[in-house]
Every structure is written in structure tokens, then in C-alpha cells.
Amino acid sequence: MDFQNINYLVLLTIAINAITCERLHEQIYSSIEGGAACFRRLNGTHQAGCSSSLSGAVGVVHMIRNVTDAQWLVYNSSAGPYVAVVNTWLFYDIIELLMNKSENVAGVLLYDDATMRPDAFSQESRCPNEYASWSKSQCSSTKTPSGIGLVWNEKGTDLLRRDIPFPIFFLPQARMSEISKIEQCYNRYNIDKDNQKGRALCSLQLNSFMYAAVNSVVCLRRSASSAILTPTKVCDPLGDYNVYYSLFPRAKETESKKKPVTLVTARIDAASLFDGVAPGAASSVVGMVSHIVAAATLSQIIPITDVDLYDENVLWTLFNGESFDYIGSQRIAYDIARGVWPPISPLSPKNISLHIELGQLGGSLKLFEENTSWPLYAFVPYENSFPDQVSGFLNEMEKKFSINNMTLTPVFTTNLPPSSLHSFQRILGNVTENDLPELLLVDYRDTFSNKFYQSALDDHENIGFAYHNISIGSDGKFLTTDELIANGEMKESEAQVKIARVATALAHTLYKRVTGKSYTGSVSASAHLVDEMLHCFLQSQACRLLAAAEFGASEESAAERAAPLYVGVAAWAGAPAGHAAHLLALLAGAPRAANRTACDRLDEPGFSYYWLKGWNHSGVCIQTTMNFSQAVSPAFIKADYDMTSGEFSTWTESVWQAMWARVFVSAGGGGARLAAIAGALATVAAALLTYWLQRHAALVFRDAPASLHSDASG
């Protein structure tokens with residue numbers, strides 16, 4: 001056989017072995033697809049979240065169908081450690097037991113079963129952002145012995161802020177087939193709970209190893225040192241971009257002739273325990289959609305060409321990172337105090353005539369889904385006297401609400417719910433001569449109406465949203481709310497209609513603030529537009545509205561799923577801020593007759609120009625005052641900042657390589673013992689054989705012929 005054939009046989013043997021090993025691996029392990037892992041975040045003093053060991057956490061599968069099953073795992077199981085497989089309906093009842101008795105818990109696989117949705121599900125604390133609040137004494141996440149005391153998020157578990165001793169993975173409703181696979185394995189091997197020790201058992205391996213640990217100070221120091229030695233980071237600061245847009249351009253304003261602004265704000269972001277799962281329907285999306293739709297409506301009522309007619313401006317701002325100690329609003333308040341925001345014609349606190357925050361809206365929408373009313377509340381941070389700007393705005397809003405059978409009730413208190421107002425009161429309160437004129441619009445009074453705050457279940461179902469999928473013309477015109485109701489395509493009680501009514505009331509009230517007179521025209525916010533926008537943010541990014549608002553040069557296909565609203569890390573720009581910004585540009589900006597080349601060359605102070613795809617996807621040049629600013633905590637830009645001071649947000653996110661889960665059948669103890677015994681016997685036999693051969697070598701090995709010992713020259 002020649003050398004080429006030998007090489008061929010060797011390569012063929014290697015290939016066959018590789019294929020055989022791969023098939024063997026597939027027979028042993030079955031991947032769990034579509035899972036989202038709990039990951040690790042850190043602040044200036046602590047670490048929070050989850051991590052597995054470097055090789056992953058391995059445990060015997062235990063299906064938890066009631067609290068008794070969880071108690072058996074903790075107190076009576078015999079073949080641990082275990083991975084608890086539990087649905088969201090039971091998670092709230094058993095997580096503290098597993099956390100407190102974690103010695104026998106390797107991990108948790110949590111799944112969403114739509115047929116057993118819980119009444120409440122929140123991994124946020126009872127007092128969100130408690131340590132970044134303006135008045136910290138009013139709300140405490142610690143339960144008092146008497147049980148009396150105001151908390152905003154009654155059902156909060158605080159898991160977002162706690163160090164969890166085991167990995168947790170989440171499977172959405174769409175991946176219930178994976179749970180069926182695990183359940184079949186469990187029923188075949190693990191169903192006899194009393195006789196598990198020493199048997200082959202169905203097991204799970206959860207891998208979510210996190211590189212960062214301890215706190216932000218330690219992980220940032222390690223990242224700085226590793227940059228010299230290796231290219232691997234350990235953690236990154238949380239952050240992204242804020243978005244702002246003004247009714248009128250502000251570039252030509254001088255310090256002496258700077259128009260006062262009504263600042264209207266809302267938040268972009270939401271959070272959950274799991275990577276890539278932060279729908280935020282009631283936590284942030286309803287407020288953000290109301291904000292964008294109101295801005296678009298006001299821009300139709302007051303065109304940008306009226307800039308010289310009025311002495312008041314409206315500055316619409318969307319904050320990012322509010323879930324983690326108000327990152328976005330802290331940065332803007334800090335920059336206003338320094339006189340550097342916005343970069344063009346910066347504001348001072350005295351330039352803000354009124355700050356209106358659209359807070360958490362939507363949690364009560366489902367409670368009133370059969371009713372045309374939707375009660376809202378305006379928290380005003382004053383107990384006795386309050387500025388005229390606030391009372392004037394409230395009076396006008398109440399009139400607009402009453403037209404559509406809705407109510408707005410003022411609540412005068414310094415105990416503000418979680419909102420960006422805390423950042424402005426805390427940072428700017430000391431640099432203003434008078435109280436900041438502010439108010440917060442929400443749909444709850446004493447505690448959150450949203451029982452799924454900051455969780456994977458705060459989705460479209462939580463606000464009772466059903467997409468109508470009404471066609472949009474090539475000109476981008478939306479049907480009016482009155483038309484939709486008249487032709488029976490929508491009902492007065494639907495979420496889209498109520499959100500449109502709020503946006504209309506806000507736009508018409510702001511019209512009076514700018515012009516000094518009540519609005520008497522017919523322009524109002526469209527529930528059709530609200531329907532499309534909710535669909536884009538809560539169900540599918542591959543929607544007509546976002547397609548029209550995309551960059552004209554973009555060739556990427558959008559994902560047919562909701563964009564997670566988690567703020568992410570400052571090193572990477574997230575999709576939600578871009579979506580919100582482009583929608584503001586498309587809906588509130590002005591089209592210009594210019595091709596793409598000419599559009600890119602346009603440059604006028606106070607404006608930005610974007611070449612977007614437009615409604616017919618042929619491209620359109622948009623002139624807008626919309627722009628971005630950094631949503632990165634001042635803690636990461638101040639030299640020698642004390643990370644333990646609590647002055648600013650210090651949240652960072654750990655780096656990881658891969659997160660995955662797989663199910664397999666682990667070997668029983670009997671096989672392992674048999675292998676050990678066989679190995680020991682083989683070792684003893686080999687030793688005895690070696691000893692015997694050494695003693696009888698003369699008999700076993702004959703001497704070589706004499707010719708082999710002769711001199712080589714012979």
C-alpha cells in the first residue's frame with residue numbers, strides 16, 4: 001500500500017470518528033432552545049443577578065407543580081443537586097424557599113404557561129430606585145412589623161437587586177415544546193422521587209458564567225488592567241442615548257432672548273431579570289407612545305414656520321436607563337446644572353417653565369377594558385402653595401379629559417412615585433431660586449396598578465392590546481379616532497383609543513401654553529397610529545411604521561419580535577432609542593424636496609436631516625429638530641468619583657461568552673461503582689502480571705542470536 005493510500009485511510013478514520021462522536025453527543029445531550037438567562041449586574045457596593053460556574057451548573061430535573069414539590073426538593077431529596085423547573089404562576093411562591101435553602105439547588109428553569117398566568121409577577125423592589133430618590137424616607141422596601149407603610153410596588157421580589165446563588169433561565173410561551181421535552185424525560189427517569197439515589201436520572205445543565213464579580217469598582221479596575229494584558233473586558237457601564245426634540249428650533253436663540261420651554265418627558269427603557277426579555281408594556285411603552293403621538297399631533301397643530309409668533313417652546317425628551325437609578329434623567333439634570341444641555345443653546349433651570357413627566361401608564365388599562373373611562377392622576381410635589389404654571393396646566397387638562405369621559409385627579413404630595421422628577425428635584429433643586437414647577441401623570445394613586453412591573457410578563461396582554469392591522473396609505477395618512485369608532489373598527493373602551501385621547505388632551509393643553517388660547521380645530525391624535533406603534537414596540541419590529549422610519553440605506557431585515565427595552569451597555573447603541581428617535585423624526589419632522597445626496601449636504605443650525613425610507617420605501621429627506629444625547633451616568637465621567645457615595649447611578653453589566661441550556665440523562669451510581677471496581681481489578685491484575693514477567697523474564701524472553709551481537713564491521 002503506497003503512502004497516499006495510507007494518508008487517505010487515516011483521514012477517513014478521523015472523519016468517521018468525528019461524525020460518530022458528534023452523533024454520540026447528540027444522543028446524550030439535547031439543547032433547550034429559546035431560553036433567556038438571568039445575568040449579573042453590579043453597582044458601587046454590590047453584585048446582583050445570576051452566574052453559573054465556568055463549566056455550567058448541573059442538576060437533576062425536578063418538576064415543581066406546587067409548593068410541596070419545592071419543599072421536597074429542599075428538605076427530602078436524595079440525589080441532588082437539582083434544577084427546579086417551575087412556571088411563572090408558582091415562581092412567586094417558591095423562590096424565597098429556594099433562595100434561603102440553596103444548598104441543594106443547582107439552578108431554576110422558569111417557563112411561561114399562558115394557561116396559568118399569575119396575578120402578579122415583578123422582580124423589581126417594593127420601592128424602585130429607592131436609593132436614588134429625592135425623599136428617601138417616604139417609601140421603604142423593608143416591610144415594617146405592623147405591615148403598615150406605603151410601598152409603590154407591592155408585589156416586588158427585589159430579585160433585580162439581589163445576588164442570586166444559582167443560575168435562572170426563562171422560556172417564553174412560544175417555547176413550551178422545550179418544556180414538553182423536559183417533562184417527557186422527567187416522567188421516564190425521575191418520576192419515582194423516593195428511589196432516585198444511584199439511578200440514571202434526567203438532568204439539566206445551565207451555563208451562564210459571568211466574568212464580573214464583587215461590585216462596579218472591582219470589575220472596572222479589572223477591565224482596565226485586563227486591557228493591558230488581554231483584550232477581554234470584565235464589565236461595562238450601563239447606558240445608551242436619550243432622545244430630544246423641540247417644537248421650534250433653538251439654535252438662533254440668544255441668552256437674553258431665550259424662550260422658556262415646557263419640558264415633556266417619558267422613559268424609553270424597561271428591565272427584567274433575563275437577557276433580551278424586557279417588553280415594558282405598562283412600565284414604559286404606553287408612556288413613550290403617548291409622548292411621541294402627542295408630539296406628532298402638536299407639530300401638526302403648530303407648524304415649525306410659526307417659530308416667530310410665540311414666546312414659548314416645547315422640548316420633548318425621552319430618557320433611557322431610568323430602571324437603574326435614573327441614568328438618563330440624572331445625566332440630563334447634571335448637564336443642565338453645568339449649562340451644557342442641549343449642546344446647542346443650553347438650558348438653565350430658570351428656562352424650564354414647566355416639567356411634565358408621563359410616568360407609568362397602562363397598568364390599569366385592562367381593569368377598564370369594558371369601560372370608556374380611564375382615571376389618571378397627577379402627582380404634584382407640593383403640599384401647600386404651588387406654581388401657577390402647574391395649576392393652569394392641570395385645569396386645562398381636566399377640561400380636555402372630561403370631554404371624553406376621562407378623569408385627572410391631582411395628588412399634592414412630596415412623596416413622589418418613581419420617576420425622573422426625583423433626578424430633577426435632587427440635582428437641580430439646590431441650584432434654582434424657586435421650586436421647580438413639575439408634575440407626574442400616572443394611572444395609579446397609592447400603589448402601582450401594573451402588577452407585572454419590570455418583568456417578562458409586562459407584555460401586550462398586560463395592557464389588553466389587540467392589534468387591528470389597519471392598512472396605511474402610501475402617503476402615510478392615518479385614520480382619525482372618530483372615523484375608526486364611527487365605522488366600527490375600534491371601540492371607545494379599547495386601549496388604543498384611550499391612549500390617543502390622552503395624547504390629544506396633552507397636545508391641546510400644550511397648544512394653549514404656547515399660543516395663550518384654547519385650541520378649536522379638529523386635529524387630534526389617531527388611535528390608528530397608536531395601534532401601529534404599540535404593535536411595533538410590543539410585538540414585531542418588522543412593522544410598517546418602523547420600516548418607513550428606517551434609514552434609507554439600511555439593508556438589514558428587522559426582527560419579527562418585540563425589541564427588548566433594556567438599556568444595555570454604553571459601548572453599544574440599542575434599538576429602542578433609535579426606533580423612538582426615527583419615529584419622532586418621521587411623524588413630527590418636515591419632508592424636504594431633496595434627493596439623498598442633497599439631503600446629506602443640507603446643514604442649517606438647529607436642524608438635523610435624515611434620509612429615511614418613507615411610506616413607499618423610495619426614500620424621503622426629513623428635516624427635524626430631533627437629536628440624541630448620552631444617557632451615561634455622571635459617575636462614569638466625573639474624575640475620582642466615589643462609587644460608594646450614592647450620588648449618581650453606578651450600575652455596570654458583566655461580560656459573558658455564551659449562555660445555553662441542555663437536557664441529558666446522567667449515569668446512575670451503580671454504573672460508576674462498577675467502573676471503579678473494574679478499574680481497580682484491572683490495575684491489580686496488571687501489577688501482578690508485570691511482577692510475574694519480571695521474575696520469569698529468562699523463560700519468557702529468549703536470548704537473541706549471537707550474530708546480532710557481533711561487531712558491525714564484521
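Counting only protein chain heavy atoms and rolling a 1.4 Å probe, the accessible areas of 397, 176 rank, largest first, as 176, 397. Annotation: amide H of residue 49 within the under-5 Å range of 41, 162, 163, 164, sequence separation 5 or more or interchain, hydrogens built in the peptide plane. Counting only protein heavy atoms and a probe of 1.4 Å, the accessible surface of region 477-565 is 48% carbon and sulfur. Scanning the chain for long hydrophobic helices, with DSSP H runs required to stretch 24 angstrom or more by C-alpha along their axis and to average at least 0.5 on the Kyte-Doolittle scale, returns 3-28, 669-695.
Show 291, 696 ordered by accessible area, largest first, where the area counts protein heavy atoms only and the probe is 1.4 Å.
Result of the area sort, largest leading: 696, 291.
For region 329-401 and region 545-611, compute the distance between their C-alpha centroids and round to whole Å. Between the Cα centre of region 329-401 and that of region 545-611, the gap is 26 Å.
Surface composition of region 29-133: carbon plus sulfur atoms hold 47% of the accessible area, using a 1.4 angstrom probe and ignoring ligands, DNA and RNA. Once all protein chains are placed together, residue 435 keeps about 110 Å² accessible to a 1.4 angstrom probe.
Of 491, 400, 101, the residue with the largest accessible area leads and the full order is 491, 101, 400 (1.4 Å probe). Per residue, the accessible area of region 277-434 comes to 33 Å², computed with a 1.4 Å probe over protein heavy atoms only. Using the structure shown, list the pairs from 101/193; 259/512; 350/451; 399/477; 101/155; 257/399 with a Cα-Cα distance above 26 Å, or answer none. Pairs exceeding the cut-off: 350/451; 399/477; 257/399.
Share of Cα-Cα pairs in region 543-638 beyond 23 Å, in percent? Each step should come with its number before you reach the end.
On the way: 1476 of 4560 pairs.
Taking all Cα-Cα pairs of region 543-638, the fraction more than 23 Å apart is 32 percent.
The value given for the chain is a Kirkwood hydrodynamic radius of 28.7 Å, derived from the mean inverse Cα-Cα separation. Rolling a 1.4 angstrom probe over the protein heavy atoms with all chains in place gives region 454-600 an accessible area of 40 Å² per residue. The figure for residue 340 is an accessible area of roughly 60 square angstrom, using a 1.4 Å probe on the protein chains alone.
For Cα pairs less than 8 Å apart in space and 6+ apart in sequence, what is the mean separation divided by the residue count of region 604-694, i.e. the relative contact order in percent?
Numbers: 42 pairs, mean separation 12.6, N = 91.
Relative contact order of region 604-694: 14 percent.
Helical content of the chain, expressed as a calculated mean residue ellipticity at 222 nm, amounts to -10000 deg cm²/dmol (DSSP H runs of 4 or more residues, -39,500 (n - 2.57) each, divided by residue number, nearest 500).
So if the hydrodynamic radius of region 481-640 is defined as the Kirkwood radius over C-alpha pairs, what does Stokes-Einstein give as its diffusion coefficient at 25 °C and 0.890 mPa s, in µm² per second? The Stokes-Einstein estimate is 135 µm²/s.
Cα centroids of region 238-287 and region 436-506: how far apart, whole angstrom? Cα centres, region 238-287 to region 436-506: 19 Å. Sequence-ordered 3J(HN,Hα) estimates for region 319-325 from the Karplus curve with 6.51, -1.76 and 1.60 and θ = phi - 60° stand at 8, 10, x, 5, 5, 10, 6 Hz, glycine and proline given as x.
The values are calculated or read from the model by the stated rules, or taken from the named source; none is laboratory data. In this text the structure is predicted, and so the values were computed from the model without any measurement. Ligands, DNA and RNA are excluded from the accessible area calculation, which covers all protein heavy atoms including side chains. Shrake-Rupley method; radii C 1.70, N 1.55, O 1.52, S 1.80 Å.
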